[in-house]
Each structure stands twice: as structure tokens, then as C-alpha cells.
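Input: a single structure, listed below in C-alpha cells.
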Amino acid sequence: MNRGSGLRIGKILGIPIYLHSTWVFIFVAITWIIASQFKQEHPLWTEAQHWTVGILTSLLFFASVLFHELSHSVVAQHYKIRVISITLFLFGGLARIEREPSKAIQEFNIAIAGPLASGFLSIGFFGLTFLFPYKESVGALASWLGVTNLYLAGFNLLPGFPLDGGRIFRAMVWGATKNFDKATRVAGASGKLIAYTMILAGAYGTFNGHVQNGLWLAFIGWFILNAAQESVAQVAIRETLTGLSAADVMSKEVPTCPGHITLEEYSAEVLRTGRRLHLVVNDDRLVGMMNVHTLNSVLRDEWAHNSVQSAMIPREKILWTSPEEPLLRLLERLLSSDVNQMPVVSGAIDGAPQIVGIVTRDSILRVMQTRSEFGPLAASR
Ligand SMILES: [Zn+2]
């Protein structure tokens, strides 16, 4: 899921809140489940009452999920970790933070805040049920939310990454071993175990008459499995790229082309040399950058009538890197801005920059591949 994708519905504590498109499905499904439950358990209510209380309960449920995510966020902000966004989506909520916590105790506190918040809400809603009887709207609503928030707290405490319990588990292993990558692998492995258990239990339930719950359980298990695998893969990437910078993988050859040639001529140049990126130079002055991606954004029929100059990425829009930039950060920038290559510049960019090379995604991936073939020995730490 992309950062902050979906519909922005507001800002709390400086954090933009988004509704992902998949949230609509889960909102409709949960509202329908609640309303059906109320229809069964409160036959004396009117149809309108079933639905209004159902919708209200469902909205408060997602407010509870938001509260859970906000409590993670408040603790993260306390440690000066910026919270980029909170998104409500198919499987609940997701708070995206700018970076991993730098200490085990920070990760522990950020992770535990969520289940604590859900537990706190659960107690609050159960408290309301003492004041309002279950046969009335408020009592039914409070009772549903009390139970569900308790489930939410309990489920999130399962000790497998990426659940909160998995993060708590990771923080404990991290604190004990002082090794973040190892801790992630351990928590990722237990996340996979929990995911497989959920998928199997879900499949068993599906074939034994509990189709709806069984499928849902298996579906959540599959989601957790993906997230667990991803977190372990990220650690592997971190390990292989540690200690390397742009200068280590850049190609020192910097192909150039003049701005006045047509796109047709440019494509011929690309085909002839196999080079997919050129710096555009007019009278020894750098004016922009041209690559195959930009070429393909112009209709084929128009290649003959357009110059490189008219289609190129202008100088001020080029993303640069420096020889010293760590490869891991560079790779993240390449991926997040969706570019394949970056020129490497040494010296001040607005002063007299000197282009010393080009880094491509492929060159980084090649290094990762080679290093992972040599095993952990190659990734010196
Ligand atoms: Zn959480």
C-alpha cells in the first residue's frame, strides 16, 4: 500500500488520516454483520433502529481502530519519530512512521500502546453496559464495542510480526541480543507460524460449515504471511547493502546527447548503444536528462517532430545523488520517486556541480544479488 493512498478525511495531531478504497468493503461488511446480529437479538426493534444503531456501532468501531493507531502514533512522536499517515483499510488501521525506532525500549512502548488503548476502550464500553441495559440501543452498541475492542487488543498481542505482539516480541529479543536484524527474523518467523495456523484453521472452518468466518480468518492469515515475509526480506536487503554507498556501484561513464536532435534520432542512439539514459548538453552546458521512460511517454508518431529538448526532464527537476549517499537510502529514494537512474554529483549542486557517474536500480540489484550469493560473509557489518 502506498503512503497515504486513498481519501484524506482529516488531520489529527498533525497526522493526515486516510480512508483506503478497500475500507468501503469492510465498512459495509461490518455494518451488515452488526445489523444482522441486532435483528436476531433485538426482534422488537424497528428495521430503522437495527440499521441506525448498526451504522453507528460500525462507525464507532472504526473510530476505535483510529484511536488504537493514534496511540501508537503519540508514543512514536514522543520519541521524535514522525508519523507520516494513518490509513484505515481492509484489515484495520495502519500508522506509517518515518523510520524504525532506534532503541528496543522505544519499539516496545510504541507497540504496546495500541493494545493498551483497545483494552482501555473495551473497559470504557463495558462500563457503559452497566448504565444501559442490553435491550436498549446504547447498551447493545456498548456491549458490541466492548467485546470487539477486547478481541482487537487480544488479537494484536499475538507474538508474530507484523502484529503489535510481534513488535513487542521483536523489541524483547532485540533488547536481549542487541541485534535488530536477528530479532526481526525471529519475530518474522513466528509471524509466519501464526499466519499459517490462521490459514489452516480458516480452511478447516470453511470446510466444516463456518464458511464466512473461515474464509475471513484465512484471508487475514494470508495478509500477515505477506507482511511477515516482507519484513524479513527488508532485513536481508539492509544486510546486503550495509556499508555501501553510491560511489561503489555507480557507472563512471556518463553518456550525453545534444538537445536539438529529434526523438527519432535519440531512439536510434539508444538502440545502437543500449544505453537507456543520457544527460542532455547544449554547448557544454547541462540542460536536462533524457531516458527511455521519458521517450516512451511521447507518442511514437510524434518522435520525428519533437526534439529531445522538448521531452527531456529539465535540469531543475532531476533527482541527484552524491557519491557518499548510503545505498539503502538511495534505493528507497529511487523506489519512492519511481525513477530508475540517478546522476551522481559531487560538490554543491547549485554551485559548480560535477557529474561523476550514474547509479541505476539494476546496478544496485546486481550488487544485492551477488552479495546474497556469497552469503552473510560478504555483508561485512
Ligand atoms: Zn496496533
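Considering only the stretch 15-58, state which residues are among the small types (Gly, Ala, Ser) and surrounded by fewer than 17 Cβ atoms within 10 Å (Cβ to Cβ). Passing the criteria: 21, 29, 36, 48. Can you give me the number of residues within the stretch 155-168 that are in contact (Cβ under 8 Å) with a residue 24 or more places away in the chain and assigned to a helix (DSSP H, G or I)? Going through the stretch 155-168 one residue at a time, the tally reaches 6. Evaluated against (1) at pLDDT below 85; (2) closer than 26 Å to residue 98 by Cβ; (3) assigned to a loop (DSSP other than H, G, I, E, B), residue 365 falls short on exactly one condition, (3). Counting just the residues of the stretch 202-216 that are more than 27 Å from the chain's Cα centre (by Cα) and open to solvent by less than 60 Å² (accessible area, probe 1.4 Å), which one comes out farthest from residue 32 (Cα to Cα)? Only one residue fits best here, namely 203. Can you tell me which residues in the stretch 119-140 are open to solvent by 20 Å² or more (accessible area, probe 1.4 Å), more than 16 Å from the ligand (Cβ to nearest atom) and in a helix (DSSP H, G or I)? Those that are open to solvent by 20 Å² or more (accessible area, probe 1.4 Å), more than 16 Å from the ligand (Cβ to nearest atom) and in a helix (DSSP H, G or I): 123, 124, 125, 126, 127, 128, 129, 130, 131, 137, 138. Considering the conditions (1) out of contact with any Leu (no Cβ under 7 Å at 6 or more places or on another chain); (2) modelled with pLDDT of 85 or more; (3) within 15 Å of residue 257 (Cα to Cα), residue 356 is excluded by exactly one of them, (3).
Quick check on residue 171: is it touching a Ser or Thr at 6+ places or on another chain (Cβ under 8 Å), assigned to a helix (DSSP H, G or I), within 14 Å of the ligand (Cβ to nearest atom) and over 22 Å from residue 26 (Cβ atoms)? So residue 171 does not fit the description; no. Within the stretch 183-198, being open to solvent by less than 30 Å² (accessible area, probe 1.4 Å) and more than 30 Å from residue 57 (Cα to Cα) holds for 183, 184, 187, 188, 190, 191. Looking only at residues of the stretch 69-118 that are aromatic (Phe, Trp, Tyr) and either under 17 Å from the mean Cα position of the chain (by Cα) or in a loop (DSSP other than H, G, I, E, B) (or both), we find that the one that is farthest from the ligand (Cβ to nearest atom) is 79.
Taking (1) open to solvent by 20 Å² or more (accessible area, probe 1.4 Å); (2) away from the ligand (no atom under 11 Å from the Cβ); (3) within 27 Å of the chain's Cα centre (by Cα) in turn, residue 155 satisfies each apart from (2). Of the residues making up the stretch 169-182, just one is open to solvent by less than 10 Å² (accessible area, probe 1.4 Å) and within 21 Å of residue 221 (Cα to Cα), namely 170. All of (1) among the basic types (Lys, Arg); (2) in a loop (DSSP other than H, G, I, E, B); (3) in contact (Cβ under 8 Å) with a residue 40 or more places away in the chain hold for residue 238 with one exception: (2). Going by what's in this entry, would residue 94 be described as under 21 Å from residue 221 (Cα atoms), among the hydrophobic types (A, V, I, L, M, F, W, C) and in contact with a strand residue (DSSP E or B) (Cβ under 9 Å, 6 or more places away or on another chain)? Taking the combined requirement at face value, the residue satisfies it. Within the stretch 158-184, if we keep just the residues that are under 14 Å from residue 72 (Cβ atoms) and of a type in the set (A, V, I, L, M, F, W, C), the residue that is nearest to the chain's Cα centre (by Cα) turns out to be 163. In the stretch 98-105, the count of residues that are open to solvent by less than 70 Å² (accessible area, probe 1.4 Å) and either more than 24 Å from residue 42 (Cα to Cα) or at pLDDT 90 or above (or both) is one or more.
Please determine whether any residue of the stretch 198-214 is among the hydroxyl-bearing types (Ser, Thr, Tyr) and more than 29 Å from residue 327 (Cα to Cα). Within the stretch 198-214 (the criterion being among the hydroxyl-bearing types (Ser, Thr, Tyr) and more than 29 Å from residue 327 (Cα to Cα)), the answer is yes, since at least one residue qualifies. Within the stretch 244-269, residues that are under 18 Å from residue 340 (Cα atoms) reach partners that are assigned to a loop (DSSP other than H, G, I, E, B) and open to solvent by less than 50 Å² (accessible area, probe 1.4 Å) with beta carbons closer than 7 Å, at six or more positions or on different chains, in the pairs 245/323; 245/325; 246/322; 246/323; 246/325; 247/323. In the set (1) touching a strand residue (DSSP E or B) at 6+ places or on another chain (Cβ under 8 Å); (2) over 30 Å from residue 310 (Cα atoms), the condition left unmet by residue 259 is number (2). Where helices (runs of 4 or more DSSP H) fall entirely within the stretch 247-337, those with at least 3 residues that are of a type in the set (Asp, Glu) and surrounded by 12 or more Cβ atoms within 10 Å (Cβ to Cβ) are at 263-273.
The values are calculated or read from the model by the stated rules, or taken from the named source; none is laboratory data. Just so it is clear, the model here is predicted, and its values are computed rather than measured. Counting neighbours? That spans all protein chains shown, and the Cβs are built from the backbone with ideal geometry, glycine included. In case anyone asks, the SASA skips ligands and DNA or RNA and just uses the protein heavy atoms, side chains included. Shrake-Rupley method; radii C 1.70, N 1.55, O 1.52, S 1.80 Å.
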